[in-house]
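Undergrad: Once you've had a glance at the structure underneath, I'll fire off some questions.
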Amino acid sequence: MQYFVTGATGFIGKRLVQKLLLRKGAVVHVLIRPGSEAKLKDLREFCGVSAARLLPVSGDLKAKKLGVATEQIKLLKGKIDHAYHLAAIYDLGADEASQVEVNVEGTRNTVEFVKAIDAGHFHHVSSIAAAGLYEGVFREDMFEEAENYDHPYFMTKHVSEKIVRQECKVPWSVYRPAMVVGDSQTGEMDKIDGPYYFFKLIQRMRQLLPPWMPSIGLEGGRINIVPVDFVVDALAAISHQKDITSRCYHLVDPVGYRVGDVLDIFSKAAHAPKMNVFVNAALLGFIPRSVTKGLMALAPVRRVRNAVMQDLGLPEDMLTFVNYPTRFDCRDAQAALKGSGITCPNLHDYAWRLWDYWERHLDPDLHIDRSLRGTVGGKVVLVTGGSSGIGLAAAHNFAEAGAITLICGRDQNKLDEACAEAKARGYQFIAYAVDIAEQEECEAFVQSVNETHGGVDFLINNAGRSIRRAIESSYDRFHDYERTMQLNYFGSLRVTTGFLPGMVAKRKGHVVNISSIGVLTNAPRFSAYVASKAALDAWTRCASSEFADQGISFTTINMPLVRTPMIAPTGIYNNVPTLAPEEAADMIAQACIFKPVRVATRLGIFGQVLHALVPRVAQIVMNTTFRMFPDSSAAKGAKSGEKSKLSAEAVAMQQMMRGIHF
């Protein structure tokens with residue numbers, strides 16, 4: 001028996017070809033576009049057959065009679081027992097012109113070709129989309145009753161089936177598969193489509209919430225899902241039966257599930273929170289179109305919606321079909337398959353395989369280079385305060401990742417030592433001696449970097465000054481506040497505003513501001529330091545809003561306590577658990593890779609929430625720790641070497657509160 005197949009290298013097509021070739025003596029002819037011969041080789045390897053049993057027919061779906069040469073048509077005339085037409089665009093997001101060209105005109109060209117070769121039977125693989133958004137049960141003998149098929153995908157599937165019904169001159173049959181997903185045994189799938197669009201949302205829920213936490217799901221219409229192996233088995237079995245001419249078969253799951261059920265099944269497969277409460281999407285239908293249209297006319301609403309849809313990988317029209325109104329009768333298909341052992345498996349039994357395959361092979365995040373090298377390799381990165389501590393550790397990370405790494409600091413000797421250390425490790429720093437708290441020095445430095453390196457791609461505002469002194473010990477030390485603000489706030493602003501014009505011109509750039517956990521916890525004894533960092537945080541929030549549409553992003557890191565030279569004068573920190581500079585540098589690297597708005601520890605977030613919800617309680621807690629821990633000897637003006645004694649309570653508190661400023 002000889003076959004002809006279009007779309008033979010596609011996800012369904014190659015499995016059908018493999019299935020047909022299992023029949024004794026079968027020879028399959030497949031349509032191959034000129035220049036796509038490599039696909040034929042791959043198909044032969046997939047099917048495990050020789051070239052003698054899998055033959056190419058050179059042509060193009062978009063050409064009349066598929067563009068097949070006259071000589072080839074003569075050779076095939078009267079020899080093809082079954083012709084299968086699977087080639088089509090199965091994509092809700094494809095433009096209308098492309099879908100019309102392939103789905104409609106491609107079907108017409110195929111119908112002309114099968115007539116020219118006088119094929120024994122033509123099998124057209126349509127889709128349940130041919131029914132449009134029909135309200136109610138759509139039977140297999142229904143076609144003209146289809147309604148609401150204005151969407152390009154629905155329209156082209158309906159029209160292409162109409163062409164077969166009205167123009168095909170050889171015996172024909174139509175098959176309407178439901179939404180095709182991966183193999184029920186292996187989970188294998190070739191693209192993100194149908195329910196897969198919601199997998200990213202489910203994954204995000206799993207990342208944010210524990211699996212035992214109840215969550216809210218979206219309820220909607222019924223959605224019919226079938227695995228590809230069922231579709232292929234059913235198609236191959238029915239197409240070889242008698243008395244199937246001019247008949248249609250629904251290759252669907254006879255059970256069918258509501259959208260909410262499907263989301264819950266896949267949430268369970270993903271070990272994500274179970275959806276216990278559902279919001280019926282039909283309620284959205286009560287909102288007048290004029291209201292929704294008016295909201296979408298507002299630029300902020302439209303941009304937020306588009307950003308969410310893009311972030312989750314949802315196509316523009318996906319939410320339109322959440323309230324899918326059609327159910328599909330499949331009694332004819334079930335009758336045809338009776339006794340064959342071919343049935344649609346239960347989604348509960350294979351959903352975990354689909355999820356596992358998606359997460360291992362199809363998750364879009366797998367194809368994004370999340371390495372630091374992939375992010376900063378070849379890019380210009382500036383680390384202020386890069387001659388020691390956190391800045392130096394971060395600079396080493398960037399240089400190792402292939403970045404053009406610039407560091408700046410006030411001490412030339414420390415800069416030279418840092419450069420020598422980098423050279424010994426096999427890379428280099430480009431060092432600038434500058435005090436960014438001084439306006440003229442900073443302006444000259446920024447100008448030099450812009451002229452020499454064309455600006456920076458990543459700016460790490462790390463240079464800072466910390467003063468630990470109670471306010472009651474600072475009445476006569478107003479200069480503490482001035483010099484802290486000059487460096488931590490004004491210095492960072494001088495550098496940032498100096499490089500922003502260049503970032504705007506290139507429409508890309510990322511700024512990381514090293515703030516403090518103290519901004520979230522309002523740590524006592526750090527009023528000068530926290531105030532300067534809080535000012536920088538506030539400025540960053542404003543800047544983030546202003547530059548959000550120009551390709552420039554900002555990350556604020558509310559850094560916990562890190563063991564650096566900056567905290568060395570405070571002796572009580574010797575016994576306090578702190579981060580190593582390398583750990584802090586890793587936080588900076590992650591900020592550059594993922595570009596979050598904020599990076600904060602759980603303790604810092606807890607402190608912020610505490611101040612927001614129960615500010616009086618938060619004040620009592622912080623005041624207790626304030627009185628528990630004394631000022632350092634330097635802060636009190638005591639002689640060098642004098643040690644402050646800690647109570648047993650203070651020592652215990654040190655060990656409990658990792659990373660908070662006292």
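Undergrad: Excluding residue 23 itself, calculate the net charge of residues whose Cβ lies under 11 Å from the Cβ of residue 23, where each Lys or Arg counts +1 and each Asp or Glu counts -1.
TA: Details: positive: 19, 24, 53; negative: 81.
Residues close to residue 23 contribute a combined charge of +2.
Undergrad: Further question: Excluding residues fewer than 8 places away in the same chain, name every one of the lysines whose C-alpha is closer than 26 Å to that of residue 268.
TA: By straight Cα distance, residue 268 reaches 191, 200.
Undergrad: What fraction of the Cα pairs in segment 86-130, stated in percent, has a spacing above 13 angstrom?
TA: Percent of Cα pairs beyond 13 Å in segment 86-130: 59.
Undergrad: Now, a different point. What distance in nm separates the simple spin-label points at residue 95 and residue 428, each placed 7 Å from Cα in the Cβ direction?
TA: In this crude spin-label approximation the distance works out to 4.8 nm.
Undergrad: Right, another one. Would you mind checking which residues have amide H under 5 Å from residue 432's amide H? H placed 1.01 Å from N; only 5 or more apart, or other chain.
TA: HN-HN under 5 Å from residue 432: 407, 408, 409.
Undergrad: Let me ask something additional. For residue 328, enumerate residues with amide H under 5 Å from its amide H, sequence gap 5+ or separate chain, H modeled in the peptide plane.
TA: So residue 328 has HN proximity to 138.
Undergrad: Can you order the peptides 24-34, 373-383 by their average number of other Cβ atoms within 10 Å per residue, highest first?
TA: On the way: 24-34: 17.4, 373-383: 20.5.
Final packing ranking: 373-383, 24-34.
Undergrad: Tell me, what HN-Hα J-couplings in whole Hz come from the Karplus equation 6.51 cos²θ - 1.76 cosθ + 1.60 at θ = phi - 60° for each residue of segment 497-508, using x for Gly and Pro?
TA: With coefficients 6.51, -1.76 and 1.60, one gets 5, x, 9, 4, x, x, 5, 4, 4, 8, 6, 6 Hz.
Undergrad: What are the ³J(HN,Hα) values, in whole Hz, obtained from phi via the Karplus relation 6.51 cos²θ - 1.76 cosθ + 1.60 with θ = phi - 60°, for each residue of segment 330-337 in sequence order, with x given for Gly and Pro?
TA: Per residue, the Karplus-derived 3J(HN,Hα) values read 9, 5, 5, 5, 5, 5, 5, 8 Hz.
Undergrad: Quick one: net charge of residue 402's neighbours, Cβ under 11 Å, K/R +1, D/E -1? The partial results should precede the final answer.
TA: On the way: positive: 373, 379; negative: 400.
Every neighbour counted, the sum reads +1.
Undergrad: Summing Lys, Arg as +1 and Asp, Glu as -1, what charge do residues with Cβ under 12 Å from the Cβ of residue 273 carry, residue 273 excluded?
TA: Working: positive: 204, 206, 268, 274; negative: 264.
Around residue 273, the charge tally is +3.
Undergrad: In nm, what is the difference between 0.36 nm times the number of residues separating residue 58 and residue 367 and their Cα-Cα distance?
TA: Gain on stretching residue 58 to residue 367: 107.9 nm.
Undergrad: Looking at this model, which pairs from 274/533; 14/64; 41/379 are more than 30 angstrom apart at the alpha-carbon? Show your work: numbers first, answer last.
TA: Details: 274/533 41 Å; 14/64 24 Å; 41/379 41 Å.
Too far apart for the 30 Å limit: 274/533; 41/379.
Undergrad: If you plug each phi of segment 73-80 into the Karplus form 6.51 cos²θ - 1.76 cosθ + 1.60 with θ = phi - 60°, what whole-Hz ³J(HN,Hα) values come out, in order, with x for Gly and Pro?
TA: Listing the rounded values in order: 4, 4, 5, 8, 4, x, 9, 8 Hz.
Undergrad: Taking amide H positions as placed 1.01 Å from N in the peptide plane, with prolines and chain starts having none, which residues 5 or more places from residue 463, or on another chain, fall under 5 Å of its amide H?
TA: Counting only residues 5 or more places away or on other chains, the set is 384, 385.
Undergrad: Please give the length that would be gained between residue 447 and residue 548 if that part of the chain were fully extended, namely 0.36 nm times their separation in residues minus their C-alpha to C-alpha distance (nm, one decimal).
TA: On the way: separation 101, 0.36 × 101 = 36.36 nm, distance 2.49 nm.
Contour length minus Cα-Cα distance gives 33.9 nm.
Undergrad: Sorted by average packing, counted as other Cβ atoms within 10 angstrom per residue and highest first, what order do 96-109, 239-252 take? Don't skip to the answer; put the middle values down first.
TA: Details: 96-109: 19.2, 239-252: 17.4.
Final packing ranking: 96-109, 239-252.
Values quoted throughout were computed directly from the atomic coordinates according to the rules given, and no laboratory measurement underlies them. All figures in this text were calculated on a predicted structure; none of them were measured in a lab. All Cβ positions, glycine included, derive from the backbone under ideal geometry; neighbour counts span all protein chains shown.
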